[in-house]
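Every number in this text was worked out from the coordinates using simple rules, so none of it is lab data. Being a predicted model, the structure only gives us computed values, none of them experimental. Glycine gets a Cβ as well: all are built from the backbone with ideal geometry, and neighbour counts include every protein chain shown.
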Amino acid sequence: MRFLRQSLTGLFLLSLTLGLLVYAGVMVRDAVEARMAQEPRVPQVRERVFAVNVVPATFETITPVLTAFGEVQSSRTLEIRAASSGTLIRLAPEFQEGGRVTEGQLLAQVDPADAQAVLDRVKSEQLDAEAEAREAERALALARDELAAAAEQADLRVRAFQRQKDLETRGVGTAAAVETAELAASSARQAVLSRRQAVATAEARVDQAATKLARQAIALAEAERRLADTEIRAGFSGTLSGVSVVEGRLVSSNEKLANLIDSDALEVAFRVSTQQYARLLDDNGQLSPANVTVMLDVFGTNLTATGTLTREGASVGEGLTGRQLFASLDAPAGFKPGDFVTVELKEAPLDFVARLPATALDASNSVLVLGDEDRLEAMEVTLLRRQGDDVLVRARGLRDREVVAERTPLLGSGIKVRPLRGETDRAPQEPEMLELTEERRAKLIAFVEGNDRMPSEAKQRILARLTQPKVPADVVQRIESRMGG
């Protein structure tokens with residue numbers, strides 16, 4: 001009985017399983033037939049719209065600013081050298097690094113003992129030459145008097161000879177007397193010749209004395225110049241640098257002692273490209289005297305000076321390109337030779353140009369403008385200048401059109417966008433301020449006070465900022481970057 005009951009139970013479970021499998025197969029078949037009998041439905045595709053910042057393209061007259069980098073230098077720099085050798089016995093108190101001197105000021109003096117001795121000896125020799133000149137003049141005067149006396153005696157002898165000849169003709173005189181008178185006249189003429197020779201010798205002596213006197217005058221001037229060379233004076237007013245001597249040092253001739261820099265005659269030398277240089281020429285091909293602005297960034301405080309473009313370099317220079325220009329500075333307070341500065345130079349104004357963000361322009365010089373139904377259109381423009389983060393462009397049909405301010409690879413012609421107007425004109429953010437600890441503030445103040453290269457005006461402004469309760473973060477960052485913090 002037990003076996004029969006278990007067999008019937010197994011048979012019932014098997015039948016139930018087969019029935020469930022048949023029911024499941026029928027359901028799957030009906031579902032497939034119903035799915036295949038339905039019509040295909042295409043889902044509706046929604047167009048993607050991008051949000052973009054747009055700016056209006058307004059044509060106006062803009063003066064481009066050319067930006068370059070240059071170095072401040074002095075137009076007058078003089079090497080101070082020792083003209084004579086010897087021991088430095090005197091130095092001016094200003095003869096030190098950074099000392100300011102005036103034109104003609106005595107800076108240093110070499111021991112003048114040897115030069116003074118030479119000058120005294122030359123003066124003594126000049127006195128001898130002057131005495132010799134006076135003696136030669138007196139000897140010449142005497143020789144001329146003796147010549148006159150000899151000439152008178154010769155005339156007397158000639159007249160006596162003529163008288164003896166007349167007496168002989170009348171038969172009163174004798175031939176011996178005539179011959180004696182003739183010999184006397186001949187001797188007198190010979191004496192005249194001797195006196196002329198003496199006069200010539202006296203005149204030659206006078207000439208030699210004059211020559212010797214001139215040579216002594218030259219020697220005296222040279223000795224006075226050598227004595228004056230023992231004094232080293234400033235050729236112009238300026239500042240000393242590179243001082244390498246002390247009082248009591250033995251210097252040699254032509255040894256360099258220092259450099260004298262005219263700090264009031266500063267100029268800036270900078271280099272521009274050939275294309276930029278061509279834009280600075282006038283109609284005659286000459287460099288126009290444009291106005292320049294020079295800026296020096298000192299720990300967040302800018303030193304600014306104005307100037308005028310004066311000249312250009314004579315040659316390009318080996319291994320260089322472009323053109324080197326020079327501009328004189330007007331009242332360059334705080335600037336020193338060697339400063340690396342930023343130079344801004346105004347070019348000729350450009351008419352009918354639009355200022356756009358540089359991110360609106362692609363590599364092919366085209367921009368995206370807003371068209372009908374807020375769809376983008378590509379428009380080619382002419383790039384005229386780059387001004388920092390902006391560009392100056394010109395194109396037909398661009399006036400009063402709205403241009404995409406920031407292009408991305410997702411944007412292109414025909415794409416529908418949602419324009420955002422006014423987002424690009426955000427108000428300037430306030431500078432970030434920091435509250436410094438006393439220890440950190442003391443380190444910054446000590447570093448600024450110990451910096452000898454910083455101008456005094458800039459140092460005072462920075463110290464005034466550091467003493468405030470809150471200090472601009474950019475100022476702190478600049479100082480710590482230079483002190484290695």
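Shape call for the stretch 303-376 from the C-alpha gyration tensor, a ≥ b ≥ c root eigenvalues: rounded (a/c under 1.5), prolate (a/b greater than b/c) or oblate?
prolate
Would you list 114, 283 from fewest to most Cβ contacts within 10 Å? Walk me through the numbers on the way to the answer.
Working: 114 15, 283 6.
Ordered from fewest to most neighbouring Cβ atoms within 10 Å, 114, 283 come out as 283, 114.
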Helix 438-449 axis, angle to the chain major axis (alpha carbon atoms, nearest 10°): 30 degrees
Dipole magnitude of the chain, debye to nearest 20 (Cβ charges: Lys/Arg +1, Asp/Glu -1, about Cα centre): 1600 debye
Selection from 136, 354, 61 lying farthest towards where the dipole of the chain points positive, charges on Cβ: 354
Greater than 24 Å apart at Cα, pairs in 336/470; 256/459; 123/212; 123/256: 336/470; 256/459; 123/256
Reachable aspartates and glutamates, given that their alpha-carbon falls under 12 Å from the alpha-carbon of residue 165 and they are not under 8 places away in the same chain: 179, 182
For the stretch 363-485, size of Cβ-based charge dipole, Lys and Arg +1, Asp and Glu -1, in debye: 340 debye
In degrees, nearest ten, helix 175-229 long axis to first principal axis of the chain (Cα): 20 degrees
Alpha-carbon centroids, the stretch 104-137 and the stretch 323-399: separation in whole Å: 71 Å
Options 368, 115, 21, ranked by Cα towards positive dipole end of the chain, top entry (Cβ charges): 21
Neighbour cut-off at most 13 other Cβ (10 Å), DSSP loop, GluC sites (Glu not before Pro), the stretch 94-151: 97, 103
Relative contact order of the stretch 218-352, pairs being alpha-carbon contacts under 8 Å that are 6 or more residues apart, as %: 23 percent
Acute angle (nearest 10 degrees) that the helix 456-466 long axis makes with the longest principal axis of the chain, alpha-carbon atoms: 30 degrees
Positive-pole candidate from 124, 74, 281, dipole of the chain, charges at beta carbon: 281
Label selected from (1) 70; (2) 45; (3) 41, the criterion being percent of Cα pairs over 36 Å apart as computed here: (1)
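If you put +1 on each Lys and Arg Cβ and -1 on each Asp and Glu Cβ, how big is the dipole of the stretch 73-229 around its Cα centre, in Debye rounded to 20? Don't skip to the end; give the middle numbers.
Numbers: 22 positive and 26 negative charges, 112 e Å.
With Lys and Arg at +1 and Asp and Glu at -1, about 540 debye.
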Relative contact order (percent, whole number), the chain, Cα cutoff 8 Å, 6+ residue spacing: 24 percent
